Each structure stands twice: as structure tokens, then as C-alpha cells.
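The values are calculated or read from the model by the stated rules, or taken from the named source; none is laboratory data. Since the model is a prediction, treat every value here as computed from it, not as a measurement. Note that we place each Cβ from the backbone using ideal geometry, even for glycine, and neighbour counts take in every protein chain shown. Areas reflect the complete protein model, heavy atoms only, side chains present, ligands, DNA and RNA absent. Shrake-Rupley method; radii C 1.70, N 1.55, O 1.52, S 1.80 Å.
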Amino acid sequence: MKKRIEQLKKQKNAVILAHYYAPFDVQEIADYVGDSFYLAKIAKQSKTDIIVFCGVYFMGESAKILNPDKKVLMPDLTADCAMAHMVTDGIIEEMRNKYDDLAVVCYINSTASLKCQSDVCVTSSNAVKIVKSLPNKNIFFIPDKNLGRFVAEQVPEKNIILNDGCCPIHAKITAEQLISEKEKHPEALVLSHPECEGDILTLSNYIGSTADIIAYANKSDYNEFIICTEDGINYKLITDNPDKIFYYPEPHPCCADMKLNTLEAVLSVLQNENNEVIVEDSVRIGAISPLEKMLELAK
Ligand code: 13P
Ligand code: SF4
């Protein structure tokens, strides 16, 4: 299957992008593997005719918005991020009416229609930097209350209004599970994604995006780590650090949607060129500006 994927990729001038949460064998054959921000940048720079995006729908959709003339295919179009929809109808308008100088800051884990209603997008690796750089005092941070709260702590000069959304996978990690891992591995450092709940972040030694967690573990002199994020990240962690040991809260956090990106599904979309991401022009035009503003402000 890997050989056939390689042949089709060349024949069709395609590139395969995969998120760190994709299955291991898919990360192995991908041309680029990274966090949401890196993958959005790579998609924007891509020169191929076809982009195969092994992630969840908002990622493929953002790639299409940034590359309207390219074919963006997803191994499984039903791979969705539950949090991307967690903003109540009318709440953005309500907040805009309440605060004159409001900036709506939208985590990239959101639908294109939410992006259309926002001023700027962010990812977990650039949210603090971008929020700090905005002139607005009042910020409505959607959809993730956990990333929003983490940003609010780093940028106390802003009034950050939180929205009641979260990632169900990260929210399932409990303090009890983490404490039990810490008791089993007292020498380990705890590295967590900011989508985790506040009590998990309080117990953590380092908080960052998936790419930041990997970079931290790679540089660290420690040998053992407890990782509070989706366990697909383990592929890159163990590849880069064969002598270090990585533990996860039990049961391991697992995003079933990300795991829909199987090798079989990658081969099938490359063969059939189906599962194309389509974004209507009206939506694309509304969503491109907050995405491009993110790419600019994060530089
Ligand atoms: P990253 O920004 O680290 O890629 O995280 C994306 C995500 O979906 C986390 O659950
Ligand atoms: Fe969305 Fe959570 Fe899955 Fe990330 S882990 S894609 S935030 S549901």
C-alpha cells in the first residue's frame, strides 16, 4: 500500500499532510507532519495540484480556503472536530453589541462559518502572541474555553471573555488519572496541551501545542514524561527520542475522528480523487481574511 501511495503521489503531483494525531503508519508516509499551524502554513505554500489532508475537517477546509484552485482531498470527510461547532447561535452578535472594541478571536478548530464571523484565527502555538498583539482590550475567544483561559492567564492586560466549548478528548483527562501517573512515575515531567482543563494545567511542568510539546521533550535532559494530549503524538516523540519514555493518562486520550485517516483511506482518495473538500465562495471569502491575518501576525 505504501509503494502504491508513493507512485500515485508522484503521478498525480500530490502532497500528503498529516497531523500528529493521525495513525502512525499515515504519519510515516506523509510528506509533512505537524501541528495545526505548521500544516496551515505548508498548505498555503504548497505547489502541488492535489493536497491530501490527513486531519479533521476544519483542517482540510482551512487548506481549501487558503488554496481555492487546488484539489483538497480528505481520506474521510466525516472526520470532524466536535469542538469546532461549540458556539451558540447569536452569541457573537450579542458580544459585539455589548463591547464597542470587541475582537472575536477564533481558534482554528472551528467551522468556516464561525471563522467568517471572526476578526482573527489562532492556533494553540500562536494564540498568546496574536492576542497580545491586538489593539483591542475586549476579546471574545471562541470556541475553546480551556485555550481561552490559558491565553487569559498569559495576557492579563486583556479582558478575555470565554465561550463554553471544549475538546471532549482533552476534557476527559482527569486530575485523578494524572496524579496516579505521577505517583507511578515520580521522575517524569508533565507536558500538556492547553486544551486540557485548568486542574491538569496546574499540575503540568510545560504547556504547549503538539509541536511545542515535541520540541520541549526533544530538548529536555529528562528521560521520562507524562503526556497530556492525544496519543498519536507518541509516534513523533518516540521516533525523535528512542531512549526516552513517554506515559499517558489511562485510558490513553484518543481522538476517534483523527484515527479515520487510515492508510487504506489515503490510498483510496489518491486512486479515486473523491472526498474533495468544497467551500462555497461566499464562505471562503469571509473566512480567508481571519486565516491570513493569523499567518501574518504569527510571523
Ligand atoms: P495543535 O494546534 O497542537 O495541532 O492541536 C490541534 C488539536 O486539535 C488539538 O486537539
Ligand atoms: Fe478536535 Fe479534540 Fe480531536 Fe483535537 S483532539 S481534533 S480538538 S476533538
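Tally the residues that are of a type outside the set (A, V, I, L, M, F, W, C) and without any contact (Cβ under 8 Å) to a residue 12 or more places away in the chain, restricting the search to segment 208-252.
Summing the residues that are of a type outside the set (A, V, I, L, M, F, W, C) and without any contact (Cβ under 8 Å) to a residue 12 or more places away in the chain in segment 208-252 gives 5.
Within segment 234-243, is even one residue away from ligand 2 (no atom under 13 Å from the Cβ), over 15 Å from ILE29 (Cα atoms), more than 22 Å from the chain's Cα centre (by Cα) and open to solvent by less than 30 Å² (accessible area, probe 1.4 Å)?
yes
How many residues does segment 266-299 contain that are part of a loop (DSSP other than H, G, I, E, B), open to solvent by less than 50 Å² (accessible area, probe 1.4 Å) and either within 19 Å of VAL131 (Cα to Cα) or in contact with a Cys (Cβ under 6 Å, 6 or more places away or on another chain) (or both)?
1
So which residues in segment 253-264 are within 19 Å of the chain's Cα centre (by Cα) and touching a residue at least 24 places away in the same chain (Cβ under 8 Å)?
PRO253, CYS254, CYS255, ASP257, MET258, LYS259, LEU260, ASN261, THR262, listed by residue number.
Quick check on segment 244-256: of everything there that is open to solvent by less than 60 Å² (accessible area, probe 1.4 Å) and either in a loop (DSSP other than H, G, I, E, B) or in contact with a Gly (Cβ under 6 Å, 6 or more places away or on another chain) (or both), which residue is nearest to ligand 2 (Cβ to nearest atom)?
CYS255
If you take the residues in segment 191-211 that are open to solvent by less than 50 Å² (accessible area, probe 1.4 Å) and assigned to a helix (DSSP H, G or I), which one is farthest from PHE150 (Cα to Cα)?
Step by step, filter segment 191-211, then rank; the result is ALA211.
Could you grab me the full set of residues in segment 164-190 that are open to solvent by less than 10 Å² (accessible area, probe 1.4 Å) and either out of contact with any Phe, Trp or Tyr (no Cβ under 8 Å at 6 or more places or on another chain) or within 16 Å of ligand 2 (Cβ to nearest atom) (or both)?
Of everything in segment 164-190, those that are open to solvent by less than 10 Å² (accessible area, probe 1.4 Å) and either out of contact with any Phe, Trp or Tyr (no Cβ under 8 Å at 6 or more places or on another chain) or within 16 Å of ligand 2 (Cβ to nearest atom) (or both) turn out to be GLY165, HIS170, ILE173, LEU178.
Mind checking which helices (runs of 4 or more DSSP H) fall wholly inside segment 31-145 and carry at least 1 residues that are more than 17 Å from CYS167 (Cα to Cα), open to solvent by less than 10 Å² (accessible area, probe 1.4 Å) and within 16 Å of ligand 2 (Cβ to nearest atom)?
36-45, 57-66, 112-116
Report the residue count in segment 164-184 for those that are more than 16 Å from ligand 1 (Cβ to nearest atom) and either under 21 Å from the mean Cα position of the chain (by Cα) or touching a residue at least 12 places away in the same chain (Cβ under 8 Å) (or both). Break it down stepwise before answering.
Within segment 164-184, the subset more than 16 Å from ligand 1 (Cβ to nearest atom) is 164, 174-184.
Retained after the next criterion (residues that are either under 21 Å from the mean Cα position of the chain (by Cα) or touching a residue at least 12 places away in the same chain (Cβ under 8 Å) (or both)): 164, 174-175, 177-182, 184.
Residues in segment 164-184 being more than 16 Å from ligand 1 (Cβ to nearest atom) and either under 21 Å from the mean Cα position of the chain (by Cα) or touching a residue at least 12 places away in the same chain (Cβ under 8 Å) (or both): 10 in total.
Among the residues of segment 13-29, which ones are surrounded by 22 or more Cβ atoms within 10 Å (Cβ to Cβ) and among the aliphatic types (A, V, I, L, M)?
Once the filter is applied, which keeps residues that are surrounded by 22 or more Cβ atoms within 10 Å (Cβ to Cβ) and among the aliphatic types (A, V, I, L, M), segment 13-29 yields ALA14, ILE16, LEU17, ALA18, ALA22, VAL26.
Please go through (1) touching a strand residue (DSSP E or B) at 6+ places or on another chain (Cβ under 9 Å); (2) within 16 Å of ligand 2 (Cβ to nearest atom); (3) in a helix (DSSP H, G or I) for LYS259 and return the number of the only condition it doesn't satisfy.
All conditions pass for LYS259, except number (1).
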